[in-house]
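The values are calculated or read from the model by the stated rules, or taken from the named source; none is laboratory data. For clarity, every value in this text was computed on a predicted model and none was experimentally measured. Cβ placement follows ideal geometry from the backbone for every residue including glycine, while neighbour counts extend to all protein chains displayed.
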Amino acid sequence: MMMNWTILKDKKILKMKKLLLLLTILQIFTFCNGQEKKSGDNSKYTSLSEEHKTIYTDETLKEQGQFDENGKKTGEWKWYHDNGQLWIIENYKNGKRTGESNEYYENGQLMETGSYENGEKTGEWKEYHENGQLKSIEKFTNGKSTGEKKENIIGKDN
């Protein structure tokens, strides 16, 4: 009779160990799939397959965009100031900037606008004062300034 009790007790312990192991594995799996990672700049990264978002610690959006199947940036990417205002909007193809690029001040005014081709600045780039007045125009070819730059065109800040 004593031996049957020991065997029954051992079977219950074995079942409990299996259940505990299963629950531990399930918890680890759930944690890994829903985890938010903190970066060194006090923001949180979340990522779902090709979608990518970076969030400030106060839960406001910092960055959003997509990665292609090779892990390179693709399509439209947006970055935000910590006050929630749009900071930069750019397009990517094969991990390189392409097309129009706009950068904004924290007050929402356009700071700089221009274009990229194959990851390099190209054409006319305009820079603005924080009050919206044109500050300078510079021309680029293959990522390098052509030397044509006009400054203090219209006004100054405020």
Handout entry: Complete set of residues in region 111-135 that are farther than 28 Å from Lys93 by Cα and part of a strand (DSSP E or B)
Key = Leu134, Lys135
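Matching residues to (1) touching a Cys at 6+ places or on another chain (Cβ under 6 Å); (2) modelled with pLDDT of 95 or more; (3) of a type outside the set (Lys, Arg):
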site: Asn91; (1), (2), (3): no, yes, yes
site: Asn102; (1), (2), (3): no, yes, yes
site: Thr113; (1), (2), (3): no, yes, yes
site: Tyr116; (1), (2), (3): no, yes, yes
site: Lys149; (1), (2), (3): no, no, no
site: Gly155; (1), (2), (3): no, no, yes
site: Asn158; (1), (2), (3): no, no, yes
Exercise for the section: Kindly indicate whether Gly108 is in a strand (DSSP E or B) and either among the hydroxyl-bearing types (Ser, Thr, Tyr) or closer than 23 Å to Lys53 by Cβ (or both). Expected result: no
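Considering only residues that are among the polar types (S, T, N, Q), closer than 17 Å to Trp77 by Cβ and surrounded by fewer than 16 Cβ atoms within 10 Å (Cβ to Cβ), which ones fall in region 114-141?
Within region 114-141, Asn118 is the sole residue that qualifies.
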Handout entry: Checking Phe140 against (1) in a strand (DSSP E or B); (2) closer than 24 Å to Tyr80 by Cα, the condition it does not meet
Key = (2)
